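Presented below is the structure to which this report refers.
What follows draws every value from the coordinates through simple rules; no lab data is involved. All values derive from a computational prediction rather than experimental measurement. With ideal geometry, Cβ positions are generated from the backbone for all residues, glycine too; neighbour counts draw on all protein chains shown.
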Amino acid sequence: MDPLTRSLRNGLVTDKLGRKAHKREQIGWVEQALSAKSSFIVPIRGQASLFYRKPQLRAALFAAPVVRDWISPETLIFLGHYRGKDYFALSILATAQSSWEQLDEGLVFDNLWNRGTLIDQFEASLLAYARGMCYWHDRTKYCGSCGSSTRAERTGHMRTCTNQECGANYFPRTDPAVIVLVHDGDQCLLGNKVGWPTNRFSTIAGFVETGETVEQAVVREVQEETGVNVGLLEYHSSQPWPFPGSLMLGFHAQATSREITLSDGELRDARWFSKTEVVAAKSKNGWLRLPSRLSIARRLVEDWCQT
Ligand SMILES: [Zn+2]
């Protein structure tokens, strides 16, 4: 299977949404879109998304005319288009939370992390995209160069400093991180982070640092966190991970040493697990608990079990 196909199997990913980047440059169309029943709003409150709990759990998306009075066009973030519908993210204030929850029975704000595996994959990807964009807007309100306020441009895909002498532009930011399933024969290396339940184990992960390649980051992170050395790297796939703003770059890596040394304080425990133990954990037999099915970490583990 090629990396593109593999990536489409990861949680929070869709190939249905057309991003229609050319529409970001068009003037005045968002005002019209707000009156159209084919425009849908994806509300984000802090880092929480809105869900319907009944009759089945799903993302709460609202036709724009229903909530038109609460929205000013310049606050909308155009996400894209699918099957005749335009989707917009909207960051709402904490004070407006109850108004949105009262739009219908059974509405609740919750973290996508908790419910992402329980809803339709297209909707989950939409919530992930909206969450990442709103997070970036919330943290780019002021210019990093001169300290003046910034304003949204290009239907939410750029922010510009309002100080005309400065005029700095800011674009949505994604932080690259590597995540790696280290293997050696019939065993794989998983770590337990400080603060997790003691039986929860996952793949090794960390941010790519300035001045290094993604591949170097894989080797360094595994070495720093577990003391294990890796050689042959195989790129697996990637996954947007808006918790709060990462792109996870997934790898499988062959270990060239086995001794585990926990040195950088990120992990409380790291162990080699056999395929038999991992397969048992997939069906929740035995002691070991694997990462969420939402995460690429789970995909890296499951795909290794198939090899
Ligand atoms: Zn500025």
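For the chain, what is one quarter of the convex hull surface built on the Cα atoms, given in nm²? If you can, show how the numbers build up before the last one.
Values: hull surface 73.4 nm².
Reported value for the Cα convex hull: 18.3 nm².
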Using a Gaussian network model on the chain with a 10 Å cutoff between Cα atoms, which of E224, E165, E259 fluctuates the most? E165
Give me the one-decimal nm value for the distance between modelled label points at R268 and L232, 7 Å along each residue's Cα-to-Cβ direction. 3.6
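Taking region 236-307, which chymotrypsin sites (Phe, Trp or Tyr not before Pro) meet the DSSP loop condition and have no more than 14 other C-beta atoms within 10 Å?
For chymotrypsin sites (Phe, Trp or Tyr not before Pro) across region 236-307 that sit outside H, G, I, E and B with at most 14 neighbouring Cβ atoms in 10 Å, the list reads W287.
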Amide H to amide H under 5 Å from F251: which residues, 5+ apart in sequence or cross-chain, H placed 1.01 Å off N in plane? I179, V180, L181, H236
For labels at V194 and C146 in the simple 7 Å Cα→Cβ model, what's the distance in nm? 4.2
So, R0 is 45 Å and r is the distance between the beta-carbons of Q56 and E215; what FRET efficiency does that work out to, to 0.05? 0.55
Could I get the Rg over Rh figure for region 175-306? Both from C-alpha atoms, Rh via Kirkwood, rounded to two places. 0.93
Starting at the first residue of region 26-39, write each ³J(HN,Hα) from the Karplus equation 6.51 cos²θ - 1.76 cosθ + 1.60 with θ = phi - 60°, in whole Hz, x for Gly and Pro. 6, 9, x, 6, 5, 4, 5, 4, 5, 9, 9, 5, 8, 9
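Would you mind working out the magnitude of the charge dipole of region 175-306 relative to its Cα centre, with +1 at each Lys and Arg C-beta and -1 at each Asp and Glu C-beta, to the nearest 20 Debye? Mind dumping the intermediate values first?
On the way: 13 positive and 17 negative charges, 156 e Å.
The dipole of region 175-306 has a size of about 740 debye.
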Once each part is reduced to its C-alpha centroid, what is the distance from region 116-154 to region 24-38 in angstrom? 19
Trypsin sites (Lys or Arg not before Pro) in region 1-63 lying in a DSSP loop, each with at most 11 other Cβ atoms within 10 Å of its Cβ, come to K37
Students often forget the sequence filter, so: which lysines lie under 27 Å Cα-Cα from K282 once same-chain residues fewer than 8 apart are removed? K193
What is the gain in length, in nm to one decimal, between E302 and H81 on full extension, counting 0.36 nm per residue of separation less the C-alpha to C-alpha distance? 76.3 nm
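Explain nothing, just the number: dipole magnitude of the chain about its Cα centre with +1 on each Lys and Arg Cβ and -1 on each Asp and Glu Cβ, in debye rounded to the nearest 20. If you can, show how the numbers build up before the last one.
Values: 36 positive and 33 negative charges, 205 e Å.
The calculation lands at about 980 debye.
Evaluate E = 1/(1 + (r/R0)^6) for R289 and T261, where r is the Cβ-Cβ distance and R0 equals 30 Å; express this FRET efficiency to the nearest 0.05.
The computed FRET efficiency comes out at 0.80.
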